[in-house]
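One structure is given here, and the rest of the page talks about it.
The values are calculated or read from the model by the stated rules, or taken from the named source; none is laboratory data. The structure presented is a predicted model; accordingly, all values stated were derived computationally and were not measured. Using ideal geometry, Cβ is built from the backbone for each residue, glycine included, and neighbour counts are taken over all protein chains shown. These area figures cover heavy atoms from the full protein model, side chains too; ligands, DNA and RNA do not enter into them. Shrake-Rupley method; radii C 1.70, N 1.55, O 1.52, S 1.80 Å.
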Amino acid sequence: MFSQPSQFGYDKATVIFSPDGRIIQVEYAREAVKMGSTAVGIKTDQYVVLAGQKRTFELIESADKVFKIDDHIASTFSGYSADGRALLQRARIEAQIERITYGEMIDPEVLSEKIGDYLQSFTQYGGVRPFGIAVLFGSVYEREPSLYFIDPGGAIFSCLATAIGSNEAAAKEILKKGYKKNLAKKAAIKLAIDALKAAIEEDETKLIAEMAIIETRDGLVQVLSQKDIDEILKA
Amino acid sequence: MQPTDIEKQLAKGTTTVGLKCKDCAILVADMRASMGNLVASDHAKKVHQLNDFSAITIAGLVSDAQYIIDIMQAQIRLFELDRKRRPKTSMIANLVKNMLYGQYRAYFPFYVQLIVGGWDQTGPHIFSFDMAGSLSEDDWFSSGSGSPMAFGVLEAMYEKDMTEKEGLRVALRALKSAIKRDTATGDGIRAVVIDSKGFRELSKEDIIELGGVI
């Protein structure tokens with residue numbers, strides 16, 4: 001009955017619900033996420049791995065795909081890269097506000113809620129557009145690994161493993177098959193790379209990935225380049 | 001009115017003591033509120049509970065102190081609801097510090113000397129502040145007009161890793177010294193212990209038994 005939401009303008013602003021209860025602008029934002037390069041996150045009992053495909057274009061040097069938010073939190077996103085950088089900057093500031101306010105590192109769950117709240121505000125006020133990105137936060141906090149996925153509407157999900165961006169369904173299939181709670185470091189890295197390879201449309205040998213890994217051992221973010229990843233997988 | 005006249009109108013004479021033992025934090029204070037030479041109250045409350053595992057002692061301008069306590073209690077309650085966990089004592093101290101510093105930099109410092117005590121997973125803690133928002137973690141501290149007398153006793157008698165009873169005896173002894181020699185301190189004692197079981201206020205009988213006075 002409501003096959004054409006655009007016919008009545010229900011997709012013109014996030015402040016308007018469509019008659020069947022959807023916020024069409026947020027759904028359009030999810031479409032934008034699906035155009036972004038793929039990223040995956042895996043949480044095991046000892047490691048958190050975030051990995052993303054670095055897209056390369058002729059004569060353009062590829063941009064970063066995984067980011068450090070604080071010593072113990074890493075992040076990656078799919079979608080509009082400018083929106084992503086603006087949101088990550090906000091996440092970094094929230095992490096420092098926590099340090100100034102309480103003198104402590106921020107709990108990744110709290111950070112995810114703060115970012116979720118912020119994204120939500122763009123679905124309820126006029127004159128704004130939602131962020132065209134989905135975000136993953138990976139962290140080890142008080143020796144506990146955590147992985148959060150936040151969608152453009154601000155919904156937060158705690159995940160064992162997930163994928164975002166173009167062809168995410170194919171990556172999720174690989175994660176579903178290969179995921180185990182007790183994966184070793186090398187196996188977790190390999191699973192992340194395999195999931196990315198499944199998602200890219202071109203020749204999979206051309207995958208250039210960037211990765212962040214956090215171990216419960218020290219709880220610190222390490223960012224790995226494709227070269228670093230190759231070395232670990234070869235060893 | 002000259003500033004000194006105003007100050008005489010304000011309740012501010014006090015002695016409070018905070019002390020760290022092996023397994024608990026102890027906070028004690030007298031109950032007199034003075035306005036210059038007048039005893040404005042003989043049942044003033046100077047040790048306030050912040051949450052189940054922390055408390056604060058106040059000295060100085062009572063209105064400022066009560067306002068800070070109200071804000072801190074609200075902030076801590078919101079923290080606990082948002083995060084389903086208790087803030088560490090050091091986190092509470094950080095909140096107090098920021099509040100004091102912000103006010104100091106607005107050219108109207110809160111006229112208070114505060115001691116925060118609490119227990120968390122890392123053990124018992126005592127934190128002290130000055131009006132400008134500096135923060136230091138201490139084994140023991142005293143504040144208020146009678147603090148010089150209490151300092152002398154604490155300096156001589158404090159030992160690390162005391163039991164709750166030993167710690168209370170030292171804290172009460174320090175406070176009694178101030179009650180004797182400082183005219184703005186007196187009218188009984190309120191004593192609080194915070195350990196792994198949480199906040200607990202001592203009865204009058206307990207205080208007398210441990211060498212305190214009512």
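Could you work out the helix-only [θ] at 222 nm for the protein assembly as shown, with each DSSP H run of four or more residues adding -39,500 (n - 2.57) and the total divided by the number of residues, to the nearest 500 deg cm²/dmol? Each step should come with its number before you reach the end.
Numbers: 12 runs with 164 residues, N = 449.
Result for the protein assembly as shown, helices only: -11500 deg cm²/dmol.
Membrane-span-like helices of chain B, defined as complete DSSP H segments with a Cα extent of 18 Å or more along the helix axis and a mean Kyte hydropathy of at least -1.0, are identified as B:62-83, B:89-105, B:164-181. The angle between the Cα long axis of helix A:168-178 and the main principal axis of chain A comes to about 40°, on a 0 to 90 degree scale.
The lysines within cross-link reach of B:Lys197, meaning a Cα-to-Cα straight distance under 25 Å and a gap of 8 or more places when in the same chain, are B:Lys20, B:Lys22, B:Lys45, B:Lys46, B:Lys84, B:Lys88, B:Lys160, B:Lys165.
Would you please give the FRET efficiency between B:Glu205 and A:Leu220, computed as 1/(1 + (r/R0)^6) with r the Cβ-Cβ distance and R0 = 51 Å, to the nearest 0.05?
Once the sixth-power term is evaluated, E becomes 0.45.
Accessible area lost on pairing A with B, both sides, 1.4 Å probe, Å² to nearest 100? The contact between B and A buries close to 1000 Å².
What's the angle, to the nearest 10 degrees (0 to 90), between helix A:81-102's Cα axis and the longest principal axis of chain A? The answer is roughly 70 degrees.
Between B:Asp23 and B:Asp138, the modelled labels are 2.6 nm apart [label points 7 Å from Cα along Cα→Cβ].
Taking the charge dipole of the stretch B:50-170 about its Cα centre, with +1 at Lys and Arg Cβ atoms and -1 at Asp and Glu Cβ atoms, the residue from B:Leu135, B:Ile69, B:Val170 reaching farthest to the positive side is B:Ile69.
With +1 on the Cβ of every Lys and Arg and -1 on the Cβ of every Asp and Glu, and nothing else charged, how large is the dipole of chain A about its Cα centre, in debye rounded to the nearest 20? Can you show the working numbers first?
Values: 29 positive and 34 negative charges, 72 e Å.
Charge dipole, chain A, about its Cα centre: 340 debye, nearest 20.
Between the alpha-carbon centres of the stretch B:179-214 and the stretch B:70-119 there is a gap of 24 Å.
In terms of distances greater than 18 angstrom between alpha carbons, the cross-link table entries A:Lys206/A:Lys227; A:Lys43/A:Lys172; A:Lys34/A:Lys177 yield A:Lys34/A:Lys177.
Please list, by residue number, every one of the GluC sites (Glu not before Pro) in the stretch A:23-95 that is coil in DSSP and has at most 11 other beta-carbon atoms within 10 Å.
Working: sites: A:Glu27, A:Glu31, A:Glu58, A:Glu61, A:Glu94; in loops: A:Glu58, A:Glu61.
Within the stretch A:23-95, the qualifying GluC sites (Glu not before Pro) (loop, at most 11 other Cβ atoms within 10 Å) are A:Glu58, A:Glu61.
When only alpha carbons are used to place a centre, the stretch B:21-39 and the stretch A:166-221 end up 60 Å from one another.
Find, among the chymotrypsin sites (Phe, Trp or Tyr not before Pro) in the stretch A:14-63, those assigned to loop by DSSP (not H, G, I, E, B) with at most 16 other beta-carbon atoms within 10 angstrom. Before the final figure, lay out the partial values.
Values: sites: A:Phe17, A:Tyr28, A:Tyr47, A:Phe57; in loops: A:Phe17.
Qualifying residues, ordered by number: A:Phe17.
Applying 1/(1 + (r/R0)^6) with R0 = 51 Å to the Cβ-Cβ distance of A:Tyr28 and B:Lys180 gives a FRET efficiency near 0.10. For the pair the stretch A:109-125 / the stretch A:20-40, the C-alpha centres are spaced 16 Å from each other. Does the protein assembly as shown come out rounded, prolate or oblate by the C-alpha gyration tensor, with a ≥ b ≥ c the root eigenvalues, rounded set by a/c under 1.5 and, if not, prolate when a/b is larger than b/c and oblate if not? Taking the square roots of the gyration eigenvalues as a ≥ b ≥ c, the protein assembly as shown is prolate.
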